Amino acid sequence: MTPTNTSGTAPAATAPPGPHAASAAAIAPGPRTAATAPAPHAVATATATATATATATAPGPRGWASRAASPDALGMLALLLTVGIWAAFALSARALSASTLLPADAALLRFGVPLLVLAPALWRRRHALRAVRPGPAVKIVCGAGVPFFLAAMHGGSLTSAAFVGSIIPGMVPLFVSALMVAGGRGVPRGTQAAGLVLIAVGVVALVWRHLVPVDTGVLAGAGTLLVASGLWALYTVGLREVDLDPVGSIGLLCLPSFAVIALLALTGVLPTGLSDAAAGDIALFLVVQGLGVGLCAGLLYAFAIRRLGPERASVVGSLSPVAVVLLAVPLLHETPTLPVLVGVPLITAGVVLANRRRTGTGTDARTRTRSTRPEVPTDA
């Protein structure tokens, strides 16, 4: 999900679903500090490089990065890999309907793989996880857990990758702004307000041609993606209320989400066909959803924030909708329509403007910027 800021503060970092997504201190997907159905195997090309190099790029012991390359170069590489993973989320949401997996199967991989990989690190954080208040925990689990995942997958099956990659992250700033205004945090002004207007215009441009004549399937899909975007905004607001590092935030999200989806599958509420699914489909979604979206995106984005700073990272991250449109052409054989060519740039420009923070002067501004850069644990 694409980073965005409407709160007037510097962005923090973590995983998209991310969608994609889209955020900053108030909006960033992470702790404080997503026509004819395409063949699913095509999505692997979008994430093979990202997941294969995540270990080499992810933060390790202090000092390793400076010996290997400059901090800026490593930070930019981590950020580009993150954008690729965010784009792959949108592509996989579109490709799921053509695979042998069901939504519950993909969700089990999405939330189960990170738990398996991070089990030792999460055990060491068990006391911090228990200390999280119920209110923020509910926002995080509902906002990026099973409800969000199923909404994103269903919306993607009814629309296109461009819709998933643009609507979910693009609308997050608007929803977060509404939550901030409702909480008495003030109304966005200046360039941030202009960015929100551009986002709204871009989304209208995307769906306009499906209004006359009415295409109920696409409009239903777009509405479901709006629900997913609203849930993601709830998630990002919840993350501001917890004091966890990126690994702890992944655990807080995945532990209850995996329990819920496993219970729904075992009781038959959600059908599952994981035992009969093709091995290639399982491997694809394990890499894209489990390792990519569930694990690598959060750690890589936090690493990029530490190296580049929140503002630079958020601007580059705003390009994820464009990456989705470009990758969907060769991988999913989706031809960009005129509404897509108009709407996606408007949304991208709006996210960039909405993410511009009000800068201060002197020591206070420098201290605030440093304090919002998330620490990446070495045991990740």
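The values are calculated or read from the model by the stated rules, or taken from the named source; none is laboratory data. Just so you know, these numbers come straight off a predicted model, no measurement behind them. We place every Cβ from the backbone using ideal geometry, glycine too, and count neighbours over all the protein chains shown. We work out accessible area using only protein heavy atoms, side chains counted, and drop any ligands, DNA or RNA first. Shrake-Rupley method; radii C 1.70, N 1.55, O 1.52, S 1.80 Å.
Expected output is a single nm value to one decimal: the length gained when fully extending between THR216 and ALA121, i.e. 0.36 nm times separation in residues minus the C-alpha distance. What is it? Display every interim value, and only then the final one.
Values: separation 95, 0.36 × 95 = 34.20 nm, distance 4.60 nm.
Taking THR216 through ALA121 to full extension adds about 29.6 nm, to one decimal.
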* Asked: Roughly how many Å² of ARG94 are accessible to a 1.4 Å probe, to the nearest 10?
  -> 0 Å²
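Averaged per residue, what accessible surface does region 288-352 expose to a 1.4 Å probe, in Å²?
On the way: 2030 Å² over 65 residues.
I get 31 Å² per residue for this part.
Could you rank the peptides 325-338, 296-309, 144-157 by their average count of other C-beta atoms within 10 Å per residue, with the highest value first?
Answer by packing, highest mean first, reads 296-309, 144-157, 325-338.
What shape does region 191-233 take by its C-alpha gyration tensor, where a ≥ b ≥ c are the square roots of the eigenvalues and a/c under 1.5 counts as rounded, a/b above b/c as prolate, and the rest as oblate?
On the way: a/c = 5.27, a/b = 1.42, b/c = 3.72.
Judged from the Cα gyration tensor, region 191-233 comes out oblate (a/c at least 1.5, b/c at or above a/b).
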* Asked: Assigning unit charges at the beta carbon (Lys, Arg +1; Asp, Glu -1) and nothing else, what dipole magnitude in debye, to the nearest 20, does region 282-361 show about its Cα centre?
  -> 460 debye
* Asked: How far is it, in nm, from the label point at VAL204 to the one at VAL138 when both lie 7 Å from their Cα along the line to the Cβ?
  -> 3.5 nm
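Apply the a/c threshold of 1.5 to the C-alpha gyration tensor of region 241-302 and tell me whether it is rounded, prolate or oblate.
Note, shape of region 241-302 comes out oblate.
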* Asked: Quick one: accessible area per residue over region 95-246, 1.4 Å probe, rounded to a whole number of Å²?
  -> 40 Å²
* To do: Leaving ligands, DNA and RNA out of it, report the carbon-plus-sulfur percent of the accessible area of region 186-237 at a 1.4 Å probe.
  => 76 percent
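Below 11 angstrom from the Cβ of ALA131, what's the summed charge of the other residues (Lys, Arg +1; Asp, Glu -1)?
Numbers: positive: ARG125, ARG126, ARG130, ARG133; negative: ASP243.
Computed value for this residue: +3.
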* Asked: Where does each of PHE163, PHE175 land when they are ordered by accessible area, with a 1.4 Å probe and the largest first?
  -> PHE175, PHE163
* For the residue pair VAL329 and THR100, what label-to-label distance in nm results when each label sits 7 Å from Cα along the Cα-to-beta-carbon direction? -> 3.3 nm
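Subtracting the Cα-Cα distance from 0.36 nm times the residue separation, let me have the gained length for VAL197 to ALA128 in nm, one decimal.
Values: separation 69, 0.36 × 69 = 24.84 nm, distance 3.93 nm.
Length gained between VAL197 and ALA128: 20.9 nm.
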